[in-house]
1. In the stretch 141-166, which residues are assigned to a loop (DSSP other than H, G, I, E, B) and in contact with a Ser or Thr (Cβ under 7 Å, 6 or more places away or on another chain)?
2. Which number in (1) closer than 27 Å to Leu166 by Cβ; (2) surrounded by fewer than 16 Cβ atoms within 10 Å (Cβ to Cβ) marks the one condition that Pro141 misses?
3. May I ask you to say which residue of Asp60, Asp64, Asp50 is under 26 Å from Ile107 (Cα atoms) and modelled with pLDDT of 65 or more?
4. Residues in the stretch 62-121 that are in contact with a helix residue (DSSP H, G or I) (Cβ under 8 Å, 6 or more places away or on another chain), β-branched (Val, Ile, Thr) and surrounded by fewer than 20 Cβ atoms within 10 Å (Cβ to Cβ): how many?
5. Looking at (1) in a helix (DSSP H, G or I); (2) in contact (Cβ under 8 Å) with a residue 24 or more places away in the chain, can you tell me which one Ile138 breaks?
6. Specify which of the listed residues (Arg83, Arg102) is more than 19 Å from Asp64 (Cβ to Cβ) and of a type in the set (Lys, Arg).
7. Filter the stretch 77-133 for residues that are of a type in the set (S, T, N, Q) and touching a residue at least 24 places away in the same chain (Cβ under 8 Å) and give the result.
8. For the stretch 100-129: of the residues being more than 16 Å from Ile87 (Cβ to Cβ) and among the small types (Gly, Ala, Ser), which is nearest to the chain's Cα centre (by Cα)?
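The values are calculated or read from the model by the stated rules, or taken from the named source; none is laboratory data. These numbers come from a predicted model, not from an experiment. Ideal geometry is used to build each Cβ from the backbone, glycine not excepted, and the neighbour counts take in all protein chains shown.
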Amino acid sequence: MTLEQVSLAIQIVAALAVVGSLIFVGLQLRQSDRTLRANSLQSVLDGYRDRTFLPGITNDEVLDIYARGLNSMELLNENEKRRFWFILLNEFLHMQHVLKLRELKMIEAVDYDAWLSFTASLVKTPGGSTLWPTAKAIITPTVCDVIESYLEHNPHQPSFIALNPLFKSGRAIGSTG
């Protein structure tokens, strides 16, 4: 084997090594992207669980305020109205997080659509529609536009109460009579 042939063989091996390295890096990037997307969706789910779901199932008072507030602000005293306001504001701000993740292509359209539908269903409740004008003054215009556009294009979007009849209430949960 001549020196020229040895040099050519080394160049071929080096080229194959570079190609192999690029394939490996590509596979690692794809796996990293999948992991990042999964973590993004998990952050959406964890956020809702921690802010709304867990307090609702572990604290009868929070669940009661949430249910009555969705049905009518008139079913709440002044302090409960403020608590309900913060519960809903949290949901609207959570939608902002979901929107940003979707813009960055970190969550799938189906997940984004589900959260948008859920958020819009809250606005469609009597309590949600009462607080919506105030919420619009606080949350970003982008989120307001997305929710209002969704409702405009989906006029038959059911309210959270219609989707979850257990939350239909004309009185305090747990009260008798």
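1. Taking the stretch 141-166 first, the residues assigned to a loop (DSSP other than H, G, I, E, B) are 154-159, 164.
Gln157, Pro158, Ser159 - these are the residues of the stretch 141-166 that are assigned to a loop (DSSP other than H, G, I, E, B) and in contact with a Ser or Thr (Cβ under 7 Å, 6 or more places away or on another chain).
2. Failed condition: (1).
3. Numbers: Asp60 fails: under 26 Å from Ile107 (Cα atoms); Asp64 fails: under 26 Å from Ile107 (Cα atoms).
None of the other options fit; the residue is Asp50.
4. Adding up the residues that qualify gives 1.
5. Unmet condition: (1).
6. Numbers: Arg83 fails: more than 19 Å from Asp64 (Cβ to Cβ).
After ruling out the rest, the residue left standing is Arg102.
7. Keep residues of the stretch 77-133 that are of a type in the set (S, T, N, Q), which gives 77, 79, 90, 96, 117, 119, 121, 125, 129-130.
Passing the criteria: Asn90, Gln96, Ser117, Thr119, Ser121, Thr125, Thr130.
8. Across the stretch 100-129, the extreme among qualifying residues is Ala114.
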